[in-house]
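The values are calculated or read from the model by the stated rules, or taken from the named source; none is laboratory data. The structure presented is a predicted model; accordingly, all values stated were derived computationally and were not measured. Virtual Cβ from ideal backbone geometry, glycine too; neighbours counted across all protein chains shown.
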Amino acid sequence: MDHVAPTVAAIGLAELGEQLSSLRLRPAPVLREMEQSLSRHGQLVAVVCSRQASGIEVVDGFKRLIGARSLGWATLRAEVHEVAGPAAKVLLWRSNARQELSELEEAWLVHALYRDDRLTQPQIAQLLGRHKSWVYRRMVLAEGLADGVAARAATRRRPLR
């Protein structure tokens, strides 16, 4: 992933795509907390986005986006990176390095890189700086969950860890 400094701008909520939202958990209590925080303090951190052929896609900041919509905001401050495809998913990974994705979110991310971007498990391991066995375990988790179990996990009070 070549490094080009991102641009920061106020972007209309209607312009922000959510293609990667299926890779993140969004439990209702956490969404309420985010909405309350936005209401009290405003937006403290820009949402992380990538510029795609189809427009600007949110990479990290889905809870802020949902909260802003609930509050009737017109725009959010966004940090827009010039990356697409697998690089956007790697940006999601890197954006969450400090607060870690849950194992389920990691599994969804790995599975999306494998299924959607057609990367091999060794390529995914290299991109994410992990061992091939770690990638394999996440693949097994993603493929082993029935849709109903994954949907239930997405609404849990606390993310799976």
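In table form, for the structure just shown:
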item: Number of the exception - Glu33 against (1) assigned to a helix (DSSP H, G or I); (2) buried (at least 20 other Cβ atoms within 10 Å of the Cβ); result: (2)
item: Flag if Tyr136 is modelled with pLDDT of 80 or more and surrounded by 19 or more Cβ atoms within 10 Å (Cβ to Cβ); result: no
item: Residue within segment 113-125 that is buried (at least 16 other Cβ atoms within 10 Å of the Cβ), within 14 Å of the chain's Cα centre (by Cα) and modelled with pLDDT of 90 or more present; result: yes
item: Residue match in segment 81-99 (condition: surrounded by 15 or more Cβ atoms within 10 Å (Cβ to Cβ), under 19 Å from Met34 (Cα atoms) and without any contact (Cβ under 8 Å) to a residue 40 or more places away in the chain); result: yes
item: Matching residues in segment 113-140 - criterion: being hydrophobic (A, V, I, L, M, F, W, C), out of contact with any Phe, Trp or Tyr (no Cβ under 9 Å at 6 or more places or on another chain) and over 15 Å from Pro86 (Cβ atoms); result: Trp134, Val140
item: Check on Val83, assigned to a helix (DSSP H, G or I), modelled with pLDDT under 95 and closer than 14 Å to Glu57 by Cβ; result: no
